[in-house]
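Since every read-out is calculated from the coordinates, none of them should be taken as a lab result. All of these numbers come straight from a predicted model, not from anything done at the bench. Cβ: placed from backbone, ideal geometry, glycine included. Neighbour counts: every protein chain shown.
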Amino acid sequence: MALSDYAPAPRRWDHVGNLVPNFEHSEGQRPHLHGAPAGWLPVQYYDKWYETYITIMAGKLVALDRIEEIVPAGLKVEWAAAIGGATILTYTATDVSELVTDLTTGSTLTAAVSYTKNQVTAALRLRGLIGAAEACDAFISRPIGVASHCMYAWAFYGNNEVDALSRRNYGIDAKFANFYMQHKVAVLCDYALRIPHVPAVQTPETLDAALTVATLTFGAGNLYSAANTVAATRYSSITNTNFIAAALATYPVAKNTAYTPLTADNASLLLRRRSSPDALAQAGDYYIDYEAGVMFFYVAGGASVPATVSGTNITFYSYATAPATVSLYVCAVGDIKPGDFLEADADSNFILATNTTFRDIMGQALTSVRHPRDFLDRVKSAWDNFGVLDQLPGTASSGYPDNLTYAGASDKEIVINLVSR
């Protein structure tokens with residue numbers, strides 16, 4: 001029998017060839033960005049401690065412009081809704097002294113000026129930043145997340161990443177010598193937030209002069225006897241019969257606080273707020289079911305409308321309506337209920353989503369946190385007579401935390417799950 005030589009097939013190793021390239025960039029909660037706040041944004045808020053201006057407030061929804069700079073997301077909403085001749089961009093004397101870049105020219109401002117939508121659109125087309133058929137709102141992307149901290153006015157001329165690196169190393173091209181507050185910024189894309197839910201003051205509602213003979217209907221704007229009120233399942237456990245109830249046309253109602261007052265133009269109506277309808281015992285006693293927007297007034301017999309009630313105007317705040325104006329601080333507005341999806345409004349705040357497309361939805365409401373809590377309203381704090389921004393939470397602020405007092409008028413926070421697609 002013939003023997004054959006063993007001819008093995010060796011494994012060859014090539015240690016010089018290419019490896020599979022890495023594709024990971026960063027975690028998704030705060031993705032690493034190569035951008036900075038846009039240098040063309042007008043300044044908003046003066047940080048007294050650092051003696052410089054902020055252009056984007058913490059917590060605001062943000063987007064990117066076509067240069068990949070970070071901007072408030074509400075600009076797209078505001079610019080898209082504006083008519084051609086409406087003013088959409090205003091630079092003041094402060095912007096001039098802070099060496100802000102003029103969006104329409106790409107150069108540093110030399111004088112205070114305002115631009116209409118038509119002017120901004122034409123300028124962006126000439127700069128090649130939008131297409132010939134696009135309007136200026138196309139310059140701003142859809143929301144990408146929220147500002148996880150305050151963003152200061154960009155310290156350099158331009159926002160290019162390579163230039164920024166050389167500027168950091170050599171200090172060149174800075175607007176102000178040796179002044180560089182912030183290099184890069186962070187955008188929060190996936191997190192749960194606690195945001196003040198700000199109500200709007202309502203047009204005063206006038207109480208009826210007569211009772212409506214029917215079971216109480218929420219939101220009807222009518223007065224009801226005690227018998228017709230307890231016929232509603234929500235109030236079937238009330239044993240008191242000496243009251244009438246007003247179902248306000250707008251609800252839910254914000255809590256009666258120094259920031260969201262509940263008032264009546266008849267001084268005899270709202271004298272003593274009681275803990276429940278069963279606690280109403282004398283004229284001037286009242287109770288309010290904030291969630292359902294129902295007010296209870298003491299009336300002997302519960303079947304007539306006294307002069308203190310008839311024709312009286314009630315002024316209050318409601319979460320069902322978005323306020324016309326808000327402070328610079330982040331908040332949520334509108335009739336937001338648990339599970340509702342949220343989008344950006346013109347102020348870069350959260351508002352109830354009216355668009356069904358996933359491209360606009362940025363969050364989902366989870367739950368609410370009511371204040372005051374933990375007896376903070378009974379804790380003595382210093383500086384009672386100082387302004388809102390200097391008050392320590394406690395007796396100086398009626399027990400409300402600073403994010404609520406800064407937001408202007410609110411008695412609750414809303415927990416939002418940030419949904420960035």
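Data table
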| item | result |
| --- | --- |
| Packing rank of 60-73, 195-208, where each peptide gets the mean count of other beta carbons within 10 Å, highest leading | 60-73, 195-208 |
| Selection from A155, T241, Y329 lying farthest towards where the dipole of the chain points positive, charges on Cβ | T241 |
| Length released on extending from Q282 to T92, taking residue separation times 0.36 nm less the Cα-Cα span | 62.7 nm |
| Amide H contacts of S368 (H built 1.01 Å from N, under 5 Å, at least 5 apart or other chain) | V415 |
| Cβ-based charge dipole, the chain, positive-most Cα from A177, G74, A303 | A303 |
| Among N118, N22, N355, residue whose mean-square fluctuation peaks in a GNM of the chain (springs only between Cα atoms under 10 Å) | N22 |
| Ellipsoid equivalent to segment 241-379 - semi-axes via the Cα gyration tensor, in Å | 35, 16, 14 |
| Size of charge dipole - the chain - debye, nearest 20, with Cβ of Lys, Arg +1 and Asp, Glu -1, no other charges | 320 debye |
| Selection of chymotrypsin sites (Phe, Trp or Tyr not before Pro), segment 276-376, meeting DSSP coil and at most 12 other Cβ within 10 Å | F358, F375 |
| Relative compactness, the chain, computed as alpha-carbon Rg over 2.2 N^0.38 Å | 1.34 |
| By average C-beta atoms within 10 angstrom, highest first, the peptides 270-282, 392-404 | 392-404, 270-282 |
| Residues whose placed amide H lies under 5 Å from that of I56, excluding near-sequence neighbours | M151 |
